[in-house]
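Asks: Dumping the structure here so I can ask a few things about it.
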Amino acid sequence: MGPEPIVMDQPSRQAWGAPDAGTGQGAAVDPDTRELRAYAWARLALAGHLRVAREGLEALGREDAQRQLGELMVKLAEDRFTLAVLGQFKRGKSSLMNAIIGRDLLPTGVLPLTSAITVLAYGPTERLVVRRQDSMFADELPVSALGDYVTEKGNPGNRRQVRTARVELPVPFLRRGIEFVDTPGVGSAITANTATTYAFLPECDAVLFVTSVDTPMTALEVSFLRQIWEYVHRIFFVVNKTDLLSDGERSDVLGFVQDTVREQTGCGTVRVFPVSARQGLSARTGGDPALYGRSGLKALEEELAAFLSEEKASTFLAVVAQKALRMLDDEAAQGAFGENALRRRAMEDAGPRLWRDPHAAARAVQAARTEIEAVRRAILDGRLVNEMAAPQAAAGQERTWAGPEPAPAPPPPSEPDTEADLKTRGCPVCQHLALETADFLSHWQYRASSEEQAQAQFTADLGFCPLHTWQLLAIASPRGASIAYAGVAGSIARRLRESALKPSAGEDVRRLVRGPGTCRVCALCRQAELDAIRRLAALVRGGTGRALYNHSQGACLRHLAMLVDAVTDPEQRTYLLSHAAQRFEEDAEDMQTYAMKHDALRRDLQNRDEEDAHRRAVIRMVGGRAVCVPWAEDAEI
């Protein structure tokens, strides 16, 4: 019988299964689907909080912290889980990785070999991608060239300035969405290698900590373990080269390692895996199942497989959250959010930014920190499915946790310029509505892509009506639209699930459809329309105002009717209708003249009134394009 891993106080694995939180009907939901949905929502929620914190830090001029949060967002976007192999030099780290992937790929030998970070990742075909410190572009090379870049012999002192060497392989173990990372060993005479490994610790999500039976858990390894523990708490402890000892000696060594780890980490539960990487690789390449079991590699790989399938997702999110919290706490410790720093920032001319008030930016960052901590606690407490499998409605908003304080409200709008509206070549009321709508949408699209409170309200409203939805998309970036409408789509998905078993399902779906005139932009336009009509009605009462209106194109038919109803003097009504009739007569004449000159090939004689008469006439009939249709005339529908 081969050596069995020592297990003391081994906890049962936390399952994510829980009563369904998404249907409200107690209906059975496939656990795998629910867990996947919970992970996706938690990842997106965490990314949203990181985005708010990053933009707040940008407003405060904290460039390094902003960059670090940006890197965490990249990690979330890539869904990249980093499983690193760490330990003192010559513990057999590279040999262990070769055994796990079943290939003698990474260089091994008697002397310290690994001099740079080596990443193994899944790829459909084998290739080596080398990234250098001094170059923006990667070099793609054959895998056989790996030793020339990651060993002391091929790359002494890392003189090639290799940042990472990434090997892509079609290995099933790597399909689980991980980066399997080999690091230089610490404690060798090559101090640069030790520095490289220590600098990589913040990148780790989980760790294989490798010691060996010859000199287990030296003082250097104990110190290194304490450093690792500051960044990562999911560590698999491996004692390599167990084939060199008898069974009794092996048990003594494993017990010593277990006691040392428990003392240094304070954990009541410690599992140590005895492994012979040499035997494991031989068993994998030779197809020897008995030797595979005796080597200890089988037990380690089964535990890794269980971790990657059951725990990796929550561990990944918890680690990203913890890294963000650590960075934000460091910023706070450096006084980034102190009164003196905020006052200095307020005096700087930092150009346009979301938070003009540094105090508001600081509050947003600190509130985002609270939200990140809430996500982390939900994950660690096993509440991921209950709280994130489907967004929960709170006060009619699709929110699980409250968002940070919003950016300051926009400055109050300037006084309406009725005289400028009358100078348009269309309806002055439609012109006013178009400007009001554009101002609102330009501000709203920025808020909806950066403020969690605005996103929650947008979700609760189910977006805008069709007209203003397409107008918003016309000015929003794809990124901004994705952020704004993700919550709306999630809300609709939840409500559809809730309606699936109801007899009123069809009516429930119809309630999700926003009809014309039903959104908050429509309400804004109705009020702006009434205000504009009142101003015009007052304007045509006086001689100066009537002169302005007399030289304008006048109101479209819809707004003309409202304007006629708003005036009380019969003479004013007569004037407004006579003015409109005259404009329609002029339009008819100009359109006929335009067509005649066009047919006679005398286009050089056309004037501006004749050229746009058809447009002005249509505006007068049905209203301005900006208040009627959301797309450009030449756009594909």
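Asks: If I ask for residues that are among the β-branched types (Val, Ile, Thr) and either closer than 19 Å to SER295 by Cα or touching a strand residue (DSSP E or B) at 6+ places or on another chain (Cβ under 7 Å) (or both), which ones from the range 209-239 would you list? First the steps, then the outcome.
Replies: So in the range 209-239, the residues among the β-branched types (Val, Ile, Thr) come out as 210-211, 213, 215, 218, 222, 228, 232, 235, 238-239.
Residues satisfying the conditions are VAL210, THR211, VAL213, THR218, ILE228, VAL232, ILE235, VAL238, VAL239.
Asks: When you go through ALA486, ALA454, ALA460 one by one, which is the residue that is in the same structural domain as CYS522 (by TED's automatic domain parsing) and in contact with a strand residue (DSSP E or B) (Cβ under 8 Å, 6 or more places away or on another chain)?
Replies: ALA460
Asks: Of all residues in the range 490-516, count the ones that are surrounded by 13 or more Cβ atoms within 10 Å (Cβ to Cβ) and small (Gly, Ala, Ser).
Replies: Residues in the range 490-516 being surrounded by 13 or more Cβ atoms within 10 Å (Cβ to Cβ) and small (Gly, Ala, Ser): 5 in total.
Asks: Pairs only if they're at least six apart or on different chains, beta carbon under 8 angstrom, first in the range 212-225 and in the same structural domain as GLY296 (by TED's automatic domain parsing), second of a type in the set (Phe, Trp, Tyr) and not in a loop (DSSP other than H, G, I, E, B); list them, first residue then second.
Replies: What qualifies is PRO216/PHE256; MET217/PHE256; LEU225/PHE209.
Conditions tested, residue by residue: (1) touching a helix residue (DSSP H, G or I) at 6+ places or on another chain (Cβ under 7 Å); (2) of a type outside the set (S, T, N, Q).
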residue	(1), (2)
VAL186	yes, yes
THR197	no, no
PHE200	no, yes
ALA206	yes, yes
THR215	no, no
LEU220	no, yes
HIS233	no, yes
ASP247	no, yes
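Asks: Within the range 353-368, how many residues are among the aliphatic types (A, V, I, L, M), over 11 Å from GLU55 (Cβ atoms) and modelled with pLDDT of 85 or more?
Replies: Filtering the range 353-368 for residues among the aliphatic types (A, V, I, L, M) gives 354, 360-362, 364-365, 367-368.
Those still in the list that are over 11 Å from GLU55 (Cβ atoms) too: 360, 362, 367.
Now drop any that are not modelled with pLDDT of 85 or more, which leaves 362, 367.
Selection size over the range 353-368: 2.
Asks: Which one of these is among the hydrophobic types (A, V, I, L, M, F, W, C), in contact with a Gly (Cβ under 7 Å, 6 or more places away or on another chain) and either at pLDDT 85 or above or under 28 Å from ILE533 (Cα atoms) (or both): ALA460, ALA456? Walk me through it before giving the result.
Replies: Values: ALA456 fails: either at pLDDT 85 or above or under 28 Å from ILE533 (Cα atoms) (or both).
ALA460 is the lone residue from the list that is among the hydrophobic types (A, V, I, L, M, F, W, C), in contact with a Gly (Cβ under 7 Å, 6 or more places away or on another chain) and either at pLDDT 85 or above or under 28 Å from ILE533 (Cα atoms) (or both).
Asks: When you scan the range 286-324, how many residues do you find that are surrounded by fewer than 18 Cβ atoms within 10 Å (Cβ to Cβ), of a type in the set (A, V, I, L, M) and modelled with pLDDT under 90?
Replies: The qualifying residues number 2.
Asks: Also, I was wondering about something else. Hand me the list of strands (runs of 3 or more DSSP E) wholly inside the range 115-186 holding 3 or more residues that are charged (D, E, K, R) and either within 20 Å of LEU304 (Cα to Cα) or assigned by TED's automatic domain parsing to the domain that holds PHE200 (or both).
Replies: Details: elements: 117-122, 127-132, 139-141, 162-169, 178-182.
Those strands (runs of 3 or more DSSP E) span 127-132, 162-169.
Asks: Right, PHE458: touching a helix residue (DSSP H, G or I) at 6+ places or on another chain (Cβ under 9 Å) and farther than 25 Å from GLU371 by Cβ or not?
Replies: no
Asks: Here's another thing I want to ask about it. Determine which single condition TYR292 fails, assuming it passes every other condition in (1) in a helix (DSSP H, G or I); (2) touching a residue at least 40 places away in the same chain (Cβ under 8 Å); (3) not small (Gly, Ala, Ser).
Replies: If we test TYR292 against (1) in a helix (DSSP H, G or I); (2) touching a residue at least 40 places away in the same chain (Cβ under 8 Å); (3) not small (Gly, Ala, Ser), just (2) comes out false.
Asks: Identify the single condition in (1) surrounded by fewer than 19 Cβ atoms within 10 Å (Cβ to Cβ); (2) within 19 Å of PHE200 (Cα to Cα); (3) touching a helix residue (DSSP H, G or I) at 6+ places or on another chain (Cβ under 9 Å) that ARG159 does not satisfy, given that it satisfies every other one.
Replies: (3)
Asks: Enumerate the helices (runs of 4 or more DSSP H) found wholly within the range 424-481, keeping only those where 3 or more residues are of a type outside the set (Gly, Ala, Ser) and surrounded by fewer than 22 Cβ atoms within 10 Å (Cβ to Cβ).
Replies: Counting at least 3 such residues, we get 428-448, 466-475.
Asks: Which condition does LEU106 not pass, out of (1) touching a Pro at 6+ places or on another chain (Cβ under 7 Å); (2) at pLDDT 85 or above; (3) crowded, with 23+ Cβ neighbours inside 10 Å, if it passes all the others?
Replies: With respect to (1) touching a Pro at 6+ places or on another chain (Cβ under 7 Å); (2) at pLDDT 85 or above; (3) crowded, with 23+ Cβ neighbours inside 10 Å, LEU106 is out only on (1).
Asks: Among the residues of the range 526-545, which ones are of a type outside the set (Val, Ile, Thr), surrounded by fewer than 19 Cβ atoms within 10 Å (Cβ to Cβ) and over 13 Å from GLN572 (Cβ atoms)?
Replies: ARG526, GLN527, LEU530, ASP531, ARG534, ARG535
Asks: While we're on this one: Taking the range 546-601 as the region of interest, how many residues are of a type in the set (Val, Ile, Thr) and surrounded by 16 or more Cβ atoms within 10 Å (Cβ to Cβ)?
Replies: Of the residues in the range 546-601, 3 are of a type in the set (Val, Ile, Thr) and surrounded by 16 or more Cβ atoms within 10 Å (Cβ to Cβ).
Asks: Let me ask something else. All but one of (1) modelled with pLDDT of 90 or more; (2) in a helix (DSSP H, G or I) hold for PHE237; which doesn't?
Replies: It fails just one condition, (2).
Asks: Filter the range 29-40 down to the residues that are at pLDDT 65 or above and surrounded by fewer than 20 Cβ atoms within 10 Å (Cβ to Cβ) and list them by number.
Replies: Keep residues of the range 29-40 that are at pLDDT 65 or above, which gives 38-40.
ALA40, the sole residue that qualifies.
Asks: Which of the residues spanning the range 167-197 are modelled with pLDDT of 80 or more and under 13 Å from LEU106 (Cβ atoms)?
Replies: Within the range 167-197, VAL167, LEU169, VAL171, PHE180, VAL181, ASP182, THR183, PRO184 qualify.
The values are calculated or read from the model by the stated rules, or taken from the named source; none is laboratory data. Just so we're clear, the structure is a prediction, and the values are computed from it rather than from any experiment. Ideal geometry is used to build each Cβ from the backbone, glycine not excepted, and the neighbour counts take in all protein chains shown.
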